[in-house]
Amino acid sequence: MKKIEIISATPELLKSPFSGSIMKRAIEKGIVEIKFHDLKDYSVNNKKQIDDYQFGGGSGMVLMIEPIKKCVDELKKQHDYDEVIFMTPDAPILSQKISNELSIKGNLIILCGHYKGIDQRVRDAIVTREISIGDYVLSGGELPAAVLCDSIVRLIPGVLNDETSALTDSFQDNLLAPPVYTRPANYNGMKVPEILLSGNKKKIEEWREEKSLIKTKTIRPDLID
Ligand code: ADE
């Protein structure tokens, strides 16, 4: 079973994304184990301190190295981990390729940043990989960690009921997914494309490929270049 350990100063923010839908099912099926670790429990002084002012001045508190090192060391005493991932906006942006790669790796530790940042020595000495979920700044790494986990977990075999459905996602072949429709076939004159009602599997597949290509060229031409 793949273990994902998420280290955070505000683990309560993490709960809901894991308590429903696909991630909940993956946990219940025993395919993945996801645990939250409160950085405050690893403080090395009796004030439960985990952050401090930055050297050289400047606004905002910086997460200290000691509690993070202590937490990671305790985890590593019990299991092996393939990556210690730090969620931060100043990092390479998450892609389907990265999610695919991480889904076939072993256990993972994900570290959430907050406030002004984290002592650079954590990034230099403990973290093995840094990931951003996009060019915008959130208040902490918890939502990005949940985004990363969701994108990884749904790719693990056995998690999705229909094994092929992850393969037909947008980005899996560098194309956006084609449009999909369900009943009613005619909604106030807005009709579902005839071809989808034809039962002709080959024609439907060709239609989907064409729509994928047109959609990608229009919305995300960069994916085709
Ligand atoms: N923490 C704050 N903003 C973030 C982002 N865009 N991606 C990853 N972690 C973050």
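The values are calculated or read from the model by the stated rules, or taken from the named source; none is laboratory data. Not measured: the values here are computed from a predicted model. Cβ atoms come from the backbone with ideal geometry, glycine included; neighbour counts cover every protein chain shown. Just the protein is used for accessible areas: all its heavy atoms, side chains included, with ligands, DNA and RNA removed. Shrake-Rupley method; radii C 1.70, N 1.55, O 1.52, S 1.80 Å.
Values as computed for the structure displayed
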| read-out | value |
| --- | --- |
| Cleavage-rule hits (trypsin sites (Lys or Arg not before Pro)) in region 113-189: DSSP loop, at most 14 neighbouring Cβ within 10 angstrom | LYS116 |
| The chain, accessible surface, carbon-and-sulfur percent (1.4 angstrom probe) | 53 |
| FRET efficiency for ASP90 and ILE214, using Cβ-Cβ distance with R0 set to 30 Å, rounded to 0.05 | 0.30 |
| Of LYS70/LYS105; LYS40/LYS76; LYS191/LYS217; LYS35/LYS77; LYS24/LYS215, pairs whose Cα-Cα distance is over 22 Å | LYS70/LYS105; LYS191/LYS217; LYS24/LYS215 |
| Angle in degrees between helix 65-78 and the longest Cα principal axis of the chain, rounded to the nearest 10 | 70 |
| Length gained when the stretch ASP162-SER21 is fully extended (0.36 nm per residue, less Cα-Cα span) | 49.3 nm |
| Relative contact order for the chain, counting Cα pairs under 8 Å that sit 6 or more residues apart, in percent | 20 |
| Percent of Cα-Cα distances greater than 26 Å, calculated over region 84-216 | 42 |
| Highest-first arrangement of 6-16, 90-100, where packing means the average Cβ count within 10 Å | 6-16, 90-100 |
| At q = 0.19 Å⁻¹, base-10 log of I(q)/I(0) for region 59-107 (Debye sum, equal scatterers on each alpha carbon) | -0.86 |
| Probe 1.4 Å, accessible area per residue of the chain, Å² | 59 |
| Amide H contacts of ARG129 (H built 1.01 Å from N, under 5 Å, at least 5 apart or other chain) | VAL84, PHE86 |
| Antiparallel bridges, percent of DSSP beta bridges restricted to region 2-153 (to nearest 5) | 15 |
| Gain on full stretching of the segment that runs from TYR53 to SER139 - 0.36 nm per residue minus C-alpha separation | 29.2 nm |
| Lys/Arg +1, Asp/Glu -1 at C-beta; the chain dipole; positive extreme among SER43, VAL122, TYR136 | TYR136 |
| Approximate spin-label separation ASP80-LYS97, in nm, with each point projected 7 Å along Cα-to-Cβ | 2.7 |
